[in-house]
1. May I ask you to verify whether ALA76 is closer than 28 Å to LEU263 by Cβ, part of a helix (DSSP H, G or I) and either small (Gly, Ala, Ser) or out of contact with any helix residue (DSSP H, G or I) (no Cβ under 9 Å at 6 or more places or on another chain) (or both)?
2. Taking helices (runs of 4 or more DSSP H) that fall entirely within region 1-66, which contain at least 2 residues that are modelled with pLDDT under 85 and farther than 14 Å from ALA107 by Cβ?
3. Tell me whether region 118-127 contains one or more residues that are under 26 Å from ILE216 (Cα atoms), of a type in the set (Phe, Trp, Tyr), buried (at least 21 other Cβ atoms within 10 Å of the Cβ) and in contact with a Leu (Cβ under 9 Å, 6 or more places away or on another chain).
4. How about region 211-269: which of its residues are more than 13 Å from ALA37 (Cα to Cα), surrounded by 15 or more Cβ atoms within 10 Å (Cβ to Cβ), of a type in the set (Val, Ile, Thr) and in contact with a helix residue (DSSP H, G or I) (Cβ under 7 Å, 6 or more places away or on another chain)?
5. If you check ALA170 against the conditions, is it without any contact (Cβ under 8 Å) to a residue 12 or more places away in the chain and not β-branched (Val, Ile, Thr)?
6. Within region 157-185, how many residues turn out to be surrounded by fewer than 18 Cβ atoms within 10 Å (Cβ to Cβ) and of a type in the set (Ser, Thr, Tyr)?
7. Considering only residues that are part of a loop (DSSP other than H, G, I, E, B) and of a type in the set (A, V, I, L, M, F, W, C), which ones fall in region 278-335?
8. For region 324-368, how many residues meet the condition of being surrounded by 17 or more Cβ atoms within 10 Å (Cβ to Cβ), over 22 Å from PHE164 (Cβ atoms) and acidic (Asp, Glu)?
Amino acid sequence: MTDDSNQAFDSTPQPARASALSLFDNFPIERDFERLADPAVYHPLPDDWVIGLADIEGSTEAVERGQYKAVNTVAASVIAAVANALEGRDFPFVFAGDGAGFALPAALAEKGRAALAAVAGWAEETFGFHLRIAMTPVAAIRAHGHDVRVARFAASSDVSYTMFGGGGLAYAEARMKAGEFRIEPTAGEAARPDLTGLSCRFSAIPAANGVILSIIVLPRDNPPDARFFPLVTDILALIAGTESAGRPVPDTGPEQRWPTEGLMLEARTAAARSGRPLWLSVLSVAIRSLLAHLTFVTGRRVGTFEPARYRAELVRNTDFRKFDDGLMMTVDCSLEVADRIAARIEEAESEGIAYGGLHRQDAALMTCFVPTASRSDHVHFVDGAMGGYSAAAARALRERRGANHEAQSG
């Protein structure tokens, strides 16, 4: 989110909290996504910052059971819980489909830790998901030869997303999965994360150009081979030639029906903070979502909320492409473009430059974080409707890595 919108959201900032994030606030915001392939646009975070991470263990199996919307919702809940704990202040984060990562200065680390623990406890209690969570000091990451660098990208004039480079998040995630820096989930009644604004009301978005393609491309080495960034540029060039530069959300926004497909998921997020019975949350969410649906159907303005403006902002604000120590995208493209991207990644793999994972599906899913619907800085996370890069593309990536390691050892 841009600096102006953050000031509007956070009307009564505490001086210590505001100054703790001022470094990040002052990083320049890039407006050309292709520039993010250049390491020079990334800025190092201070040693006393921390990296927070969450990852759903067994997410691939959950997706195969049809729980892909729940997987995306739990991943996005990490970002929502931290954002609400910070009262809307902007902070670096990345959504990864079946998990999330973020960075905070030391002064705010405890807020991030508490949010992670509460979400993990809630996810276990509500969905039976075991959420691995950890918090790692940036200094510890650098001590092992990795870095944490960030860039800010303006998806629109109202919203910016953070891109991560330097290999630090990937290293921290590997250490988390090995059991290091772990955080214990909050148990019982205390597991009440504030997930205000988190929803998944829109229907699946069908492919308009042939296929929804989820893409993960990671450098094979750290630091990356110099040929990795031209590889990213080549992939982006292939996508740039498609309609709307591959954005999987149509100009009119995704379809909204009632009752919404995510009604039960939204009811569970609404119940997270209050602890009220699920049936009461279902009733409340059903009524609110019906009123919202009627507003969109009629197109009539309600107070300061304008449905047409909101839909236009939603399209512009969508987070469908990112850097998280590599390229991650969920795009709408033709079968021919998908084949050409696959061929380019295979070429790079054979040359020892990168690992890649692709997954083709018929539709995309959107999960939304809308603290205040009348404002313009709402954010929307996109993943493939059948697991996307959160499970299927990541699995393909793991299989390719494993095959490569076996070939090397043989």
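The values are calculated or read from the model by the stated rules, or taken from the named source; none is laboratory data. Every value quoted in this text rests on a predicted model; they were computed, and no experiment measured them. Every residue, glycine as well, gets a Cβ built from its backbone with ideal geometry; the counts of neighbours run over all protein chains shown.
1. Numbers: closer than 28 Å to LEU263 by Cβ: yes; part of a helix (DSSP H, G or I): yes; either small (Gly, Ala, Ser) or out of contact with any helix residue (DSSP H, G or I) (no Cβ under 9 Å at 6 or more places or on another chain) (or both): yes.
Spelling it out, ALA76 is indeed closer than 28 Å to LEU263 by Cβ, part of a helix (DSSP H, G or I) and either small (Gly, Ala, Ser) or out of contact with any helix residue (DSSP H, G or I) (no Cβ under 9 Å at 6 or more places or on another chain) (or both).
2. Numbers: elements: 3-9, 15-20, 22-25, 59-64.
Per the criteria, 3-9, 59-64.
3. no
4. VAL211, ILE215, ILE216, ILE239, THR242, VAL249, THR260, THR269
5. Numbers: without any contact (Cβ under 8 Å) to a residue 12 or more places away in the chain: no; not β-branched (Val, Ile, Thr): yes.
Judged against the criteria, ALA170 is not a match.
6. Adding up the residues that qualify gives 1.
7. Going residue by residue through region 278-335, those that are part of a loop (DSSP other than H, G, I, E, B) are 299-301, 303-304, 306, 320, 325-326, 334.
Passing the criteria: only PHE320.
8. 2
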